[in-house]
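What follows is a set of notes on a single structure, which appears directly below.
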């Protein structure tokens, strides 16, 4: 993702908006998109600052609070499939994809095989 443009540029753009110049002419003069001019002026109007908002961050795992339930179900039913586990979670009000369950199990090191004969 690209870095935000400088606060100096943002302040000059907002100052031009406050002076009454049109968004299109400001965008052409400063070499930014018209949408940026509009968004920066809205941000200044709402917050009083033109500083960019927070970018990036860490997203928490949706299934983390339900780890105990998932481990219990795997221990109780070794023949449980990802789709069946997804259905049981949905019955509890936790709607996720089977891929999210698979990634959670893999990250947590929770494995289960449907066939005990295979290594």
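Considering the chain, its Cα convex hull presents a mean projected area of 11.8 nm².
Kirkwood radius and radius of gyration were both taken over the C-alpha atoms of the range 7-47, and their ratio Rg/Rh is 0.90. You can think of it this way: the chain between residue 98 and residue 45 has 14.7 nm of extra reach, that is 0.36 nm per residue less the Cα-Cα gap.
With neighbour counts taken as other beta-carbon atoms within 10 Å, the residues 54, 60, 86 rank, fewest first, as 54, 60, 86. Ranked by how many other Cβ atoms sit within 10 Å of their own Cβ, fewest first, the residues 83, 44 fall in the order 83, 44. To the nearest ten degrees, helix 82-91 and the longest principal axis of the Cα atoms of the chain are 70 degrees apart. The C-alpha atoms of the chain define a longest principal axis, and helix 67-76 lies at about 20 degrees to it. Compared with the dominant principal axis of the Cα atoms in the chain, helix 98-108 is inclined by about 80°. When 11, 64 are arranged by Cβ crowding within 10 Å, least crowded first, meaning fewest neighbours, the order is 64, 11.
We did not get these values from a lab; they are worked out from the coordinates using the rules stated. Quick caveat, the model's predicted, so the values are computed rather than measured. With ideal geometry, Cβ positions are generated from the backbone for all residues, glycine too; neighbour counts draw on all protein chains shown.
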